[in-house]
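For reference, the structure discussed in these notes is given below.
The values are calculated or read from the model by the stated rules, or taken from the named source; none is laboratory data. Note that the structure is a prediction, hence the values are computed from the model and not measured. We place every Cβ from the backbone using ideal geometry, glycine too, and count neighbours over all the protein chains shown. Quick note on the areas: whole protein, heavy atoms, side chains included, nothing else; ligands and nucleic acids left out. Shrake-Rupley method; radii C 1.70, N 1.55, O 1.52, S 1.80 Å.
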Amino acid sequence: MGLLSDPNRRQALISLLTRLNAPICMVCYMAGVAWFMGLAFEPFTLRTYMSENAMGSTMVEERFPAGERALATGREFAAHKKKADGMPVDWLVKTMQARGLEVFTQSFTRKLPFPDENKERYLVKGTNVYGILRAPRAPRTEALVLSAPCSPGDNNNQAVGLLLGLAQYFRNQIFWAKDIIFLVNEHDLIGMQAWLEGYHHTNTTGMDWSPLQGRGGSIQAALSLELSSDVITSLDLVLEGLNGQLPNLDLANLFYAFCQKIGVLCTIQGKLQRNDWDSVSGYSHAVQTMMLMVMKQASGRPWGDHGLFLRYHIEAATIKGINSFRQFKTDTTTIGRLLEGMYRKLNNLLERLHQSYFFYLMPSLSHFVSIGYYMPAFGLLAVILLLRALDLWVQLVTPPQRTEDGVADIEQQSSPEVLPVLTPLVISHLTGVALYILPIRFQDMAVEHFPVSETEAVVLTAIAIYTAGLALPHNTHRLLAGEGTEQGWKVLKLVAVLYLAVLLGCTALINFSLGFILALTLVPVAAFVTPHVPKVLSAFILVILSPACTLLFSVFFFQELQEMPVSFQEGWLLYLSVISQGILDHSLYGSLVYPLIALLVYPCWLLFWNILFWK
């Protein structure tokens, strides 16, 4: 405190920070990147452990015997699904009733803002079927959910068969203290969204659905099951939910513990755990796994049906069965025993999962990186913005140097005008509003005048508006009374830097992965851009580090991480698909990534683009 309260020492500290501002910023940036890359090194991570005593202090014996019968039920379900050309509602109702469940259905309708060309749908109509096993030993105030989506073709038939087999087996047990809801949802996430909205009496997306006739207790946890083969080689755990939300870490720990106990090969991000962490290949494998989680979390989209449960504070995950060329094989009976063990442990919960972490990264299923370890990497990048803001503030408040004749510079003595600073702020955000609203509103007009589909019209309109924003400096200066002053761009940059610092900080608190990726690209832009740097080279760098190009590079990087590299043409098509899916995810499920980029990140980047061309 003495350092800051003493005017002389404070002035010396400020002088040191401004004099060494550029070197300190470079060191902070490199340190932030190095810190993040070091998070995957096993000695720097924590080993997973069970924090919830109700799940870790008791042992259960798994006895599920009916794996072959479940497969037979799955084949019967597949036959009825093919005959009905969709969800076999009547057959499912009769089958669940025969297993002693209270069975109910829910119909729903959803018209998409524009056709989803990936899944070839526009007007979606479907029915959810669910059965409730009432708790025989409790007042039925809490519930658990096991769901399996009714996927098109031959996908996920085995999961529905196993779900029905577990329902019959659970019905004969007497130790359940929570209701267990067995849900078969149609049209994947859309059906799950309709069911969750009906269950919780909310309608946040404007979907039409029929009210639920039967409800259980307050849902404590949920698992979504995806199996498309009679025999699997490994089980993959999917955690990433809507807007980067993650379930409580104890749910992942529970899955890993039972995989170890029963002897099931388990993966995360589709990658097996390796023990050679001290080798280059082992460290590279851990970095690859962690980066896949970062990329998926940053996308903001739910990567499984479980992702929509998290917005209702329900801990949920998706378990996917993988059938690869590995020699290790697991049958359906073993998977059923694993699920039985997990649900018996969840049945012991006296309160919601809360004792473990909600913010974490996982380089493997046995190790995790907590928020206290990965936030300093973002903090080192964010401090660069504060240092640049301090340097600009000192330049603005420093008295002007007098000339030899003792007269101060008149331009520096005058305070900056409001109009030159306010105009780019307003125009930038109006451009962002246009980017957010117009693509969907103008799709009909674009289809009438150009030979494109509705989806292509939306995506190409968004790209056109984004590109048109590059003309912002010319439009801005036409509105100004005269040319901008030296103080004008410094004030504008000070506002833009502080704006970016607050924006990235708030984003990182909600979705660290998205905030960190944006910081990696936008912080260098905020640090170096001035009107006095070479225009052509700086404009090229700004475009390369813009949000649109960051998304394009992320598409190629994600494919490389998945070991499925694509050509530039394939990557470009994927890029267009990602844009359309981002807009759809916002309209259908409430994903916040698209409005964040359009309304806040892109206008902020336009401010730095305006500073570069300041006159």
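If r is the Cβ-Cβ distance from L419 to F44 and R0 is 41 Å, what FRET efficiency results, to the nearest 0.05?
That gives a FRET efficiency of 0.20.
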Proximal lysines to K490, defined as alpha-carbon separation beneath 24 angstrom and excluding residues fewer than eight positions away on the same chain: K535, K615
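Given C-alpha coordinates of the stretch 89-163, what is the ratio Rg to Rh with the Kirkwood estimate of Rh?
Ratio value, two decimals: 1.05.
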If you count the DSSP beta bridges with both ends in the chain, what percent of them are antiparallel, to the nearest 5? 55
List the trypsin sites (Lys or Arg not before Pro) within the stretch 298-373 that DSSP assigns to loop and that have no more than 14 neighbouring Cβ atoms inside 10 Å. R326, K329
In percent, what relative contact order does the stretch 61-365 have, based on Cα pairs under 8 Å that are 6 or more apart in sequence? 23
Mean separation of Cα contacts under 8 Å, 6 or more apart, over the residue count of the stretch 418-613: relative contact order %: 35
Binned at 20 Å from zero, the C-alpha pair distances of the chain give percents of 17, 46, 28, 8, 1, 0
Show me, bin by bin at 5 Å from 0, the whole-percent P(r) of the stretch 290-372 based on Cα pairs. 3, 10, 14, 22, 22, 17, 10, 2, 0
Determine, from the Cβ-Cβ distance of C549 and I174 and an R0 of 41 Å, the FRET efficiency 1/(1 + (r/R0)^6), rounded to the nearest 0.05. 0.10
Alpha-carbon centroids, the stretch 231-304 and the stretch 537-585: separation in whole Å: 24
Cα-based reach from K345 at 22 Å (exclusive), listing lysines while leaving out same-chain residues under 8 positions away: K178, K261, K320
Convex hull volume of the Cα atoms in the stretch 172-213, per residue, in Å³? 105
From the helices alone, meaning DSSP H stretches of at least four residues, give me the mean residue ellipticity at 222 nm for the chain, per-run term -39500 (n - 2.57), in deg cm²/dmol to the nearest 500. -17500 deg cm²/dmol
If I fit a long axis through the Cα atoms of helix 419-441 and take the longest principal axis of the Cα atoms of the chain, what angle between them do I get, 0 to 90°, rounded to 10? 30
How tilted is helix 7-19 with respect to the longest principal axis of the chain? Cα atoms for both, answer in degrees (0 to 90, nearest 10). 80
Be a star and scan the stretch 99-115 for residues whose amide nitrogen sits under 19 Å from the point 7 Å along the Cα-to-Cβ vector of A72. 99-100
If you restrict to DSSP beta bridges whose two residues both lie in the stretch 61-365, what percentage is antiparallel, to the nearest 5? 50
Summarise the accessible area of the stretch 418-613 (1.4 Å probe, protein heavy atoms) by the percent that is carbon and sulfur. 74
Diffusion coefficient in µm²/s returned for the stretch 418-613 by Stokes-Einstein, Kirkwood Rh over C-alpha pairs, 4 °C and 1.567 mPa s, is 73
Taking the Cα-to-Cβ direction at I437 and at A539 and moving 7 Å from each Cα, how far apart do the two end points lie in nm? 3.0
Measure nothing but the geometry: give the 0 to 90° angle between the long axis through the Cα atoms of 21-38 and the longest principal axis through the Cα atoms of the chain, rounded to 10°. 10
Per residue, in Å², the accessible surface of the stretch 418-613 once ligands and nucleic acids are set aside, probe 1.4 Å: 43
Extended-chain gain in nm, criterion 0.36 nm per residue less alpha-carbon gap, T398 and R140: 86.0 nm
Cα gyration tensor, the stretch 258-326 - rounded (a/c under 1.5), prolate or oblate: oblate
Which whole-angstrom value gives the distance between the alpha carbon centres of the stretch 95-132 and the stretch 320-350? 26
For the stretch 61-365, using Cα atoms only, the Rg and Dmax in Å read 18.7, 57
